[in-house]
Amino acid sequence: MIDFAFFLEIIPVLLAGLPLTLQLTAASMGIGFLMALLLALAQQGNRRIVVWPIRAFVAVFRGTPLLVQIFLIYYGLGQFRPSLQAIGIWWLFREPYWCAIVALSLNEAAYGSEILRGAIKAVPRGLTEAATASGMSKLLTLRLIVLPLALRQAIPNYSNEIILMVKGTSLASIITLMEVTGIAQGLISQTYRAVEVFVAAGAIYLTLNFTIISALNALEIRLTPYRARA
């Protein structure tokens, strides 16, 4: 049976790791979104020299586990320390915090670029043709018409990405980061009560994800009220 007294006792301890979980999620989603947007826009052209390397990057990061990516960045790049020091970026890969953000951001960029690429292609061609006919430049059309519509259409799929990213941050515990899962593993090693600890950690993640889903649903309704009416 679950010891509810112990369960309530460890909740505040686990919540101490929530700020780090939120930091990893926010930083990775922000950086990953910007990278994904650039990759999606770069694929709108027909230049194979640009498109194929991006597709290769997407295939690698979508086709390999996030856990493997974190291991390769944190442990693998350490073998190239002299080269990284020579170009001045060793500081980025010697800290587990930044390694986790790099891995999560690259993973998000790969998945997010496909979401945004599909959303951009889903914008009706007639709208862009009408903008061109009215004298708008390609950049202005992209900024005022294509991107706003594409981002609205991408909200449902990007909501899933944010939830996956929140859960993905739990893998940062394998490189010594003490977010919620990292603290949970420490508690288990001290108390040998895995059930209560993991149930409490799961409840924290569930509450956090439910809050994020509710906020994103409200944003989607605000930006696309016609869908709510339908």
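Counting only protein chain heavy atoms and rolling a 1.4 Å probe, the accessible areas of K121, K167, K138 rank, largest first, as K138, K121, K167. Summarised as an ellipsoid, the range 2-112 has semi-axes of 33, 20, 13 Å, derived from the eigenvalues of the Cα gyration tensor scaled by 5 and square-rooted, with the largest first. Protein-only accessible surface at a 1.4 angstrom probe places the residues S170, S28, S137 in the order S137, S170, S28, largest first. Taking a sphere under 14 Å around the Cβ of Y75 and counting the other residues whose Cβ falls inside, with K and R at +1 and D and E at -1, yields a net charge of +1. For the range 165-214, what does the alpha-carbon gyration tensor say about shape, rounded, prolate or oblate, given a ≥ b ≥ c as the root eigenvalues, a/c under 1.5 as rounded, and a/b over b/c as prolate? Oblate shape, in that a/c is at least 1.5 and b/c is the bigger or equal ratio. For the chain, the relative contact order is 31 percent, taking Cα pairs closer than 8 Å that sit 6 or more residues apart in sequence and dividing their mean separation by the residue count. Sorted largest first by accessible area at a 1.4 angstrom probe radius, with every protein chain in place, the residues T141, T176 fall in the order T176, T141.
Taking the C-alpha atoms only, the angle from helix 147-168 to the longest principal axis of the chain is near 20 degrees. Report the residue, chosen from L151, L219, L14, that carries the largest GNM mean-square fluctuation when the chain is represented by alpha-carbon nodes joined by springs under 10 Å. Comparing L151, L219, L14 in the GNM, the peak value goes to L219.
Using the alpha-carbon atoms, what tilt in degrees (0 to 90, nearest 10) does helix 180-191 show relative to the longest principal axis of the chain? Approximately 10 degrees, to the nearest 10.
Between 0 and 90 degrees, rounded to the nearest ten: what's the tilt of helix 96-121 against the longest Cα principal axis of the chain? Helix 96-121 and the main axis of the chain meet at about 30 degrees.
Taking only the Cα atoms of the chain, the ratio Rg/Rh comes out at 1.06, with Rh defined as the Kirkwood radius. What is the local net charge at I145, summed over the other residues whose Cβ is closer than 15 Å to its Cβ (Lys, Arg +1; Asp, Glu -1)? That sum, taken over residues with Cβ under 15 Å, equals +4. Of the whole protein surface, V60 contributes about 80 Å² of accessible area at a 1.4 Å probe radius.
The values are calculated or read from the model by the stated rules, or taken from the named source; none is laboratory data. Predicted model, so just to flag it, every value in this text is computed and none were measured. Glycine also receives a Cβ, built like all others from the backbone with ideal geometry; neighbour counts cover every protein chain displayed. These accessible areas exclude ligands, DNA and RNA; they are computed on the full protein's heavy atoms, side chains included. Shrake-Rupley method; radii C 1.70, N 1.55, O 1.52, S 1.80 Å.
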